[in-house]
């Protein structure tokens, strides 16, 4: 049995006709280099997922697929979006590690080896590419993206959100398991985080060539909104727990305030001139607080049910053992120099 | 074994055909059922000894007598889908099967000499899982490397066929993990999980959660084989090995998710990690024959569930 690490690469395609051949050539170069070097890593399969592309991509992909035994194409019946396309691709892989990247050359395939080195040397299950620069080409877009992610962390309590990126290296078992439990509204990266917390990042320069060339960027406010919606649906929204706390505080305050009024009325009868006002305030406060607490409990139940439906596992067993051959390869290449 | 006689009607040409099915298991019965549902057919059950060579010759002579009663020029298809020696069988247990297979192969050779003018085709059901066990992204360039006696048996059967097929056509099918339910046949992993889960029983799965397999629905296989039987002109002696695979690796975990959705309840299960059965096995989607129609996994599992329900509950 070969001790080689088998890599599967998944690329969702929507409008990439001008990039596909270049991207394929770069991946092919990497593949050939590993083969020539007799490296213990092999790109065994490259899966393009044609997400009902709107340009000439289908023709280019068909040609690539016919001429290269290791290249396969999946054709989606309609445009499902990047995450479902990635899921479809991942569920057709069989590699020890799965790499997903964008079609538009924003993600350099040459960095896959370093991402793999990072994953193996630090026992990680997922490595996200982390842009050193603002990847969207415009300060306003990059700033919105950063703020959005920070807001989402606050809202959901998931500290991994700033790492999420479509250029990722994932342990094969986790990639396939997480993809198989995703429902149509599950945020793929949130699903990965249900299976592992061994998540790291690899910093590199990313460039949005579409944006740099004055073409329409894949980044838009609507997409941001859609991401936010999916993120909130897939994660436990922690903010309702703050509401529950507010409810408890209001309730406690209502009880204390009613005690205060009761004592005052007992010691100084007739102090509160307008009859009925204290009882109105107290009952509003206590019943309002009770409603908030009950609502929070209902939300907690809904959240649990949603996570169960979305497929959050009770446990997951992983084997992180790596062959000595690959350790030796990385050691000689990156640690001895 | 079963002998099925029927008239096939392909592109306005009517052929009288005889199909001999050796091995009435999941695949054999599915082929038989499909023929019966598509054509007006006559089925005869004959004895065939699996462990006594002398008796085998007598049984095969009886079959020849029936064939000789037919008119000249009849097309004969012999299907070998016997699998008494299952995936976990030992070397000793497969010896009988090798002997039976050799007898049948000799019988087909003799038949082809005696029945000049008839098109005789031998259909061998090999095993992609047995030949390529532990290999991933198996492609045309991959070489069979069996890891257990069952795989060696299938390799030997293929080699014997290639060496002995002088006067007859042959087709080799290499199915991956076949699933489906037909009563009175060996119950496979998926049917077993469904059967036990319907009864709220505990299921022990001899594989790891992430073990990858390539699942194909048994009725897709029988439809493909019947297509080959009826379209005689399609047979090409130089390119007649078909991988009956889906090209989509599926983990046991994904199967369990789909089954729980179909059953609409939790399945009580555990994994028993037999080291030799946790190896992944997957096939390049380019191996899927162009006219092999794959039922989507969720639909195939649903059909299996419905078949199980209708026959058992």
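The values are calculated or read from the model by the stated rules, or taken from the named source; none is laboratory data. From a predicted model like this one, the values you see are computed outputs, not experimental measurements. No Cβ is skipped: glycine too gets one built from the backbone with ideal geometry, and neighbour counts run over all protein chains shown.
Here are the numbers for this structure:
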| read-out | value |
| --- | --- |
| Any chance residue A:69 is more than 14 Å from every other protein chain (Cβ to nearest Cβ) and in a loop (DSSP other than H, G, I, E, B) | no |
| Scan of segment A:42-59 for residues that are away from chain B (no Cβ under 14 Å) and either in contact with a strand residue (DSSP E or B) (Cβ under 9 Å, 6 or more places away or on another chain) or in a strand (DSSP E or B) (or both), ordered by number | A:51, A:52, A:53, A:57, A:58 |
| Total residues in segment B:131-188, condition assigned to a loop (DSSP other than H, G, I, E, B), away from chain A (no Cβ under 14 Å) and more than 18 Å from residue B:100 (Cα to Cα) | 13 |
| Whichever residue in segment B:195-232 is in a strand (DSSP E or B) and away from every other protein chain (no Cβ under 14 Å) and, among such residues, is surrounded by the most Cβ atoms within 10 Å (Cβ to Cβ) | B:216 |
| Index of the failed condition, residue A:64 passing every other in (1) assigned to a helix (DSSP H, G or I); (2) away from chain B (no Cβ under 14 Å); (3) touching a helix residue (DSSP H, G or I) at 6+ places or on another chain (Cβ under 7 Å); (4) surrounded by fewer than 22 Cβ atoms within 10 Å (Cβ to Cβ) | (2) |
| Hey, residue A:318 surrounded by 12 or more Cβ atoms within 10 Å (Cβ to Cβ) and either under 30 Å from residue B:262 (Cβ atoms) or touching a strand residue (DSSP E or B) at 6+ places or on another chain (Cβ under 6 Å) (or both) or not | yes |
| Qualifying residue in segment B:33-44 (condition: surrounded by 13 or more Cβ atoms within 10 Å (Cβ to Cβ), within 28 Å of residue B:116 (Cβ to Cβ) and in contact (Cβ under 8 Å) with a residue 60 or more places away in the chain) | yes |
| Residue count for segment B:274-313, restricted to those that are more than 29 Å from residue B:145 (Cα to Cα) and away from chain A (no Cβ under 12 Å) | 15 |
| Pairs with Cβ under 6 Å, 6+ apart, first in segment B:241-265 and at the interface with chain A (Cβ under 10 Å from one of its Cβ atoms) and on the phi > 0 side of the Ramachandran plot, second part of a loop (DSSP other than H, G, I, E, B) and crowded, with 22+ Cβ neighbours inside 10 Å | none |
| Residue satisfying all of: in segment A:1-29; touching a strand residue (DSSP E or B) at 6+ places or on another chain (Cβ under 7 Å) and either within 14 Å of chain B (Cβ to nearest Cβ) or surrounded by fewer than 17 Cβ atoms within 10 Å (Cβ to Cβ) (or both); farthest from residue A:109 (Cα to Cα) among these | A:4 |
| Residue in segment B:19-40 that is touching a helix residue (DSSP H, G or I) at 6+ places or on another chain (Cβ under 6 Å) and either in a loop (DSSP other than H, G, I, E, B) or modelled with pLDDT under 90 (or both) present | no |
| Segment B:258-283, subset assigned to a helix (DSSP H, G or I) and modelled with pLDDT of 90 or more, residue surrounded by the most Cβ atoms within 10 Å (Cβ to Cβ) | B:259 |
| Yes/no for residue A:326 being more than 26 Å from residue A:177 (Cβ to Cβ), in contact with a helix residue (DSSP H, G or I) (Cβ under 8 Å, 6 or more places away or on another chain) and more than 14 Å from chain B (Cβ to nearest Cβ) | no |
| Condition check for residue A:80: surrounded by fewer than 21 Cβ atoms within 10 Å (Cβ to Cβ) and under 24 Å from residue A:190 (Cα atoms) | yes |
| Residues of segment B:68-86 satisfying the condition of being crowded, with 18+ Cβ neighbours inside 10 Å and out of contact with any strand residue (DSSP E or B) (no Cβ under 7 Å at 6 or more places or on another chain) | B:83, B:85 |
